[in-house]
1. Which one of these is under 14 Å from the mean Cα position of the chain (by Cα) and at pLDDT 95 or above: Ser127, Ser152?
2. Being among the hydroxyl-bearing types (Ser, Thr, Tyr), out of contact with any Cys (no Cβ under 9 Å at 6 or more places or on another chain) and either in contact (Cβ under 8 Å) with a residue 40 or more places away in the chain or under 14 Å from Ala196 (Cα atoms) (or both) is the requirement here; does Tyr149 meet it?
3. Residues Thr139, Thr172: which one is touching a strand residue (DSSP E or B) at 6+ places or on another chain (Cβ under 7 Å) and over 30 Å from Phe103 (Cβ atoms)?
4. Quick one: count up the residues across segment 146-198 that are of a type in the set (S, T, N, Q), open to solvent by 60 Å² or more (accessible area, probe 1.4 Å) and in a loop (DSSP other than H, G, I, E, B).
5. What's the number of the only condition in (1) among the β-branched types (Val, Ile, Thr); (2) open to solvent by 60 Å² or more (accessible area, probe 1.4 Å); (3) assigned to a helix (DSSP H, G or I) that Thr206 fails to meet?
6. Name the single residue that is farthest from Tyr59 (Cα to Cα) among those in segment 111-126 being open to solvent by 30 Å² or more (accessible area, probe 1.4 Å) and touching a helix residue (DSSP H, G or I) at 6+ places or on another chain (Cβ under 7 Å).
7. Of everything in segment 209-229 that's in a loop (DSSP other than H, G, I, E, B) and touching a Ser or Thr at 6+ places or on another chain (Cβ under 7 Å), which residue is surrounded by the fewest Cβ atoms within 10 Å (Cβ to Cβ)?
8. Taking segment 136-145 only, how many residues are open to solvent by 80 Å² or more (accessible area, probe 1.4 Å) and modelled with pLDDT of 95 or more?
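The values are calculated or read from the model by the stated rules, or taken from the named source; none is laboratory data. Because the structure is a prediction, the values reported are computed rather than measured. Cβ sites come from the backbone with ideal geometry, for glycine too, and all protein chains shown count toward neighbours. Heads up: the accessible areas ignore ligands, DNA and RNA and are worked out on the full protein's heavy atoms, side chains in. Shrake-Rupley method; radii C 1.70, N 1.55, O 1.52, S 1.80 Å.
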Amino acid sequence: MILSDNLLFNRLIKMWLARSILAIYALFPLSGLAVTNIQIVSEQFPPLQYMNGKENSGYVHQYIQETIRRVNLKLNIKVSSYEFLPWKRALLKAQSAPNVLLFSLSRTVKRENKYQWLGEVSVYQQSFHRLKNNPIKATNLTQVKALGYLLSVQNGGAVFDHLESLGFKYDTDFYYYFNYKQGLKQLFNKRVDLIALNNATARHATCMEGFDGDQLIRQIPIKALAKPL
């Protein structure tokens, strides 16, 4: 079941807002008169966060905006910029510049010491998906590698790191994409057999990028990364 943006947003506010505000207070322990400029970086990931025409949209985008609004009741925080970047660039900017707010990010062992983690913003479960007209015999990643199926994953994403940790080789066992439309083109043009997508949003995101979401079949769950963003 895919929840509406408003229902997901309301649920997120109730579950996580107080915790995130406390974390942001700890990050910016300034007086009410001081101004802290923050930069927001993310990648378009509908329906979590994305450009809807000329406006930023998505339930995580709404959650972040409401969090900042409430923090501003006691701390003076100004958003100086808000950019959607290729995911690897967004990760690098958050690591290299001060006061950069990054979302929506999987919390992994490899990333643990690279960021200050403020709070959870969304449930998350990824799987490798195939097309209806491309039957796949593999039911796990060991079989995928043995049978020579090609995978597509996000450049710099948690699944990329996960595959490398399992011995998968870039350009031999898997390719990467810089944005979801590029990855879906690889799948629908039969350049790859499987693509890693969020279970809850795969069909929605595929339709938003101009492809037929009804053609997606969930094949292999990525259980190691089944944690909130």
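1. Being under 14 Å from the mean Cα position of the chain (by Cα) and at pLDDT 95 or above holds for just one of Ser127, Ser152, which is Ser127.
2. yes
3. Result: Thr139 is the single residue among Thr139, Thr172 that is touching a strand residue (DSSP E or B) at 6+ places or on another chain (Cβ under 7 Å) and over 30 Å from Phe103 (Cβ atoms).
4. Of the residues in segment 146-198, 3 are of a type in the set (S, T, N, Q), open to solvent by 60 Å² or more (accessible area, probe 1.4 Å) and in a loop (DSSP other than H, G, I, E, B).
5. (2)
6. My answer is Lys114.
7. Checking each candidate, the answer is Lys227.
8. So the count comes out to 3.
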